[in-house]
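First up is the structure itself, then whatever we jot down about it.
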Amino acid sequence: MTGGRAIILGRIREALRNNPAPRPHTSHSQSEAAADHNGHAQREWLPKVGETLPERIELFAKISVGLTTEFHQVPTITAARDLLTKIAAESGWKKIGSHSHHDVDALLEGIELPIVRTEKGYAIDDLESCEAGVTGCEVLVAQTGGIMVSVESAGGRALSVLPPHHVVIARTSQMVPDLTAAFAHAKKKYGKQFPSFLSFITGPSRTGDIERILVLGAHGPKRLTVILLD
Amino acid sequence: MATQSADFQTLSRRYTADKGFRAFIQKGMSGYYKKRDLNKANFQDWQGARDLAAEIKYEAINHLDKYLLEFEEKITARGAKVFWAQNAEAARDYILKVARENNVQTIIKSKTMTSEEIHLNDALEERGFGVFESDLGEYIVQLRKEAPFHLVFPAMHLTRGQISDLFQKELGSEATDEPEKLTMIARDVMRRKYCEADMGISGTNFAVAETGMISITENEGNARLTTSLPKIHVALLGIEKVLPKLEDLSLFLPMLATAGAGQTMTCYNTMYAGPRQPGEPDGPEQLHIVLLDNRRTELLADAEQRDSLGCIRCGACLNVCPIFKNVGGYSYGTTYGGPIGSVITPHLRGLKDWKHLSAASSLCGACTEACPVKIDLHHHLLQNRRNGAKSSPNPLEKISFGGFSLMMGHPALYRLAVIFGRIFQPLQSVVNGTILDPLRAWTGSRKFPTLAPQSFHQQWKKDRGGKK
Ligand code: SF4
């Protein structure tokens, strides 16, 4: 059952046939850029990103402050583990969600808490009652302070959004300048076999629906921690 | 006379007279203006970005058949079902059918204006399905049995006190005046719903032809939960929302965030390429895309106003519109309010009943300037006025403009009119603004300026003439 497919397509073609619309009034000559869509044209207009890795990390850190993302740069995996242990103790975690992933596994080594693993399926209530979800990611985006996650790098769709605290571990090699580069990364890695879920997470969940006043943790995590491993 | 037009007048009068309400809306907007400007300034060139966005939308809309087919092919290959709905009824029937066939009981929804457009909630509730809006603002207006006030901020017209009262009454919660606590009450209610619901319904901000994805933008995380936990995901998608390439999102996502809410990026921007794929741990087993025409093709056929299909529903034109800020979202009586609503509603729901909306504009052009995809909004309002006058001419208007142009074209007549004006003005001032006043449409809320005893022309003749 495809409904009115033929009719709608017919109406679209009829509407467009011999009936050109005036081109948008643009001050720059952009037609070519729009036509070949290489994705690089927009870099000229979007917010600027530094050329070097330290500049990019600095930008990511700066935007994180505004977003209330808790950003930590650590020198070693041991330091990352110490940090996580400290956060777990302070926040009184009793159970965490996680998934099988090289860096996540290394981070959680020695953590003495029950872990709900999602990669092979899980009970929703079991994950819902976790205090935190610990995941990896695809890339970090310097331009927006964002984290790109996917099914594979974040243990499915829900692990990074259902528990009230999301902890992400990433390496400096995963820092990319902008969204264009993040998409290029995904295309290169997955070719035509994209995962069914790809998402940019930019700060903890928020709402301004009551008197336009910012409240964190609307439905997703109230806290977002990014641990960047040198 | 169209009742819609009368309703607009009544409601807009009432809202405009409410100073407290206007101050409240203004206050809500002021934070937005500040953040929006800061974020715009962060762009290397906001105008350049708008140009490119307009060009990409031009390409997409003017080759809509091609990109829709590409999108359909790609996402179908990933196991999604695409249903082409000609109108609201077809869309509703299809969704009801899917719900029935899968023995659905509880439905959770994330924000979608398209579902308001097709009145989906009523249809589902009438047939006994439990339907819950998960976006906080939408949930609040759902509990109040109201429509969203604004495209992006559905409950911005309500104070925390009103929301607290509502929650006390409907949910039995404690009174509080803290937005944080109110948010947490809704969060707790919704947590249970996500886990129980067997169908999730979402809107779609963009569809990507190249990769067969739908992209959903949100701040709360409710759309992500809606599309992760229930076993069926239904996504409503207006046919105009398709973009050619995945990378196009790297322009549109930050622009939508900046124009819409003054953010660098909205908190969650998620791309879905089908339902759960083999080997994936969660996500819905079924993904249904309901591709909705509902007279969008009429707008497409109007080449002059076709660009208005490029709208990304950011709400920026509402936020800057002096009319919207005074009359509020409910006066319009439409799903899509503000300038963009006034432009497209006559196309989507008939010029005859909705042409009055094109007069709800000062033609200041603030909307056009705010629009991230450069829709020529205020000119389209003028075109709608022209189309409205053409399709149902007003004889009185015709006579008065005929008389006006006759007068302006003949100096002698003009002078005569001025003389009459001076004679009748004292009489007019007696009845000024009352029911006896022939000019009361104008003088009802304004003072008529006093005509000078001598016109400039007369003065010039007298003074300069004397010196010659
Ligand atoms: S018309 Fe432009 S400014 Fe208004 S909602 Fe649509 S995209 Fe935003």
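Assorted remarks:
- Yes/no for B:Asp37 being out of contact with any strand residue (DSSP E or B) (no Cβ under 9 Å at 6 or more places or on another chain) and facing chain A (nearest Cβ under 9 Å): no
- Any chance B:Lys34 is out of contact with any helix residue (DSSP H, G or I) (no Cβ under 7 Å at 6 or more places or on another chain), within 30 Å of B:Ala209 (Cβ to Cβ) and part of a helix (DSSP H, G or I): no
- Residues within the range B:63-102 that are touching a Pro at 6+ places or on another chain (Cβ under 7 Å), under 21 Å from B:Glu285 (Cβ atoms) and buried (at least 19 other Cβ atoms within 10 Å of the Cβ), tallied: 1
- Considering the range B:8-60, the residues that are of a type in the set (Asp, Glu) and under 26 Å from B:Ile375 (Cβ atoms) include one that is surrounded by the fewest Cβ atoms within 10 Å (Cβ to Cβ), namely B:Asp37.
- The lone criterion from (1) among the small types (Gly, Ala, Ser); (2) more than 20 Å from the chain's Cα centre (by Cα); (3) more than 23 Å from A:Leu216 (Cα to Cα) left unmet by A:Ser100 is number (2).
- For the range B:267-288, residues that are surrounded by fewer than 24 Cβ atoms within 10 Å (Cβ to Cβ) and either facing chain A (nearest Cβ under 7 Å) or not small (Gly, Ala, Ser) (or both) total 10.
- Condition met for A:Thr172 (over 19 Å from A:Ser64 (Cβ atoms) and among the hydroxyl-bearing types (Ser, Thr, Tyr)): no
- Among residues of the range B:381-398, those that are more than 16 Å from the ligand (Cβ to nearest atom) and assigned to a helix (DSSP H, G or I), counted: 11
- All positions within the range A:106-125 that are assigned to a helix (DSSP H, G or I) and loosely packed, with under 14 Cβ neighbours inside 10 Å: A:Asp125
- Residues that are under 15 Å from B:Asp376 (Cβ atoms) and away from the ligand (no atom under 13 Å from the Cβ) within the range B:336-350 comprise just one, B:His347.
- Which numbered condition B:Lys169 fails, given (1) in a helix (DSSP H, G or I); (2) more than 16 Å from the chain's Cα centre (by Cα); (3) closer than 27 Å to B:Phe324 by Cα: (3)
- Conditions (1) buried (at least 21 other Cβ atoms within 10 Å of the Cβ); (2) in contact with a helix residue (DSSP H, G or I) (Cβ under 7 Å, 6 or more places away or on another chain); (3) within 27 Å of A:Thr118 (Cβ to Cβ); number of the one not met by B:Ala235: (2)
- So B:Glu280, is it acidic (Asp, Glu), at pLDDT 95 or above, assigned by TED's automatic domain parsing to the domain that holds B:Thr112 and more than 12 Å from the ligand (Cβ to nearest atom): yes
- Selected residue (criterion: nearest to the other protein chains (Cβ to nearest Cβ)) from residues of the range B:369-380 that are assigned to a loop (DSSP other than H, G, I, E, B) and within 9 Å of the ligand (Cβ to nearest atom): B:Lys374
- Considering the conditions (1) touching a Pro at 6+ places or on another chain (Cβ under 6 Å); (2) more than 9 Å from the ligand (Cβ to nearest atom), B:Leu291 is excluded by exactly one of them, (1).
Matching residues to (1) surrounded by fewer than 22 Cβ atoms within 10 Å (Cβ to Cβ); (2) at pLDDT below 95:
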position: A:Ser173; (1), (2): yes, no
position: A:Asp178; (1), (2): no, no
position: A:Ser199; (1), (2): no, no
position: A:Gly208; (1), (2): no, yes
position: A:Leu224; (1), (2): no, no
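- Number of the condition not met by B:Leu309 [criteria: (1) out of contact with any Pro (no Cβ under 8 Å at 6 or more places or on another chain); (2) within 14 Å of another protein chain (Cβ to nearest Cβ); (3) away from the ligand (no atom under 13 Å from the Cβ)]: (3)
- A residue that is of a type in the set (S, T, N, Q) and within 16 Å of the ligand (Cβ to nearest atom) cannot be found anywhere in the range B:423-440.
- When the criteria are applied in full, A:Thr118 meets the requirement of being within 11 Å of chain B (Cβ to nearest Cβ), polar (S, T, N, Q) and closer than 18 Å to B:Ser228 by Cβ.
- Which listed residue is small (Gly, Ala, Ser), more than 7 Å from chain A (Cβ to nearest Cβ) and closer than 29 Å to A:Leu59 by Cα, from B:Ala49, B:Ala53: B:Ala53
Conditions tested, residue by residue: (1) in a strand (DSSP E or B); (2) modelled with pLDDT under 95; (3) out of contact with any strand residue (DSSP E or B) (no Cβ under 8 Å at 6 or more places or on another chain).
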| site | (1), (2), (3) |
| --- | --- |
| B:Ala90 | no, no, no |
| B:Leu96 | no, no, yes |
| B:Ile108 | yes, no, no |
| B:Leu124 | no, no, no |
| B:Glu138 | no, yes, no |
| B:Glu146 | no, yes, yes |
| B:His150 | no, yes, yes |
| B:Ala155 | no, yes, yes |
| B:Glu174 | no, yes, yes |
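The values are calculated or read from the model by the stated rules, or taken from the named source; none is laboratory data. Note that the structure is a prediction, hence the values are computed from the model and not measured. Here the Cβ is made from the backbone with ideal geometry for all residues, glycine too, and neighbour counts use every protein chain on show.
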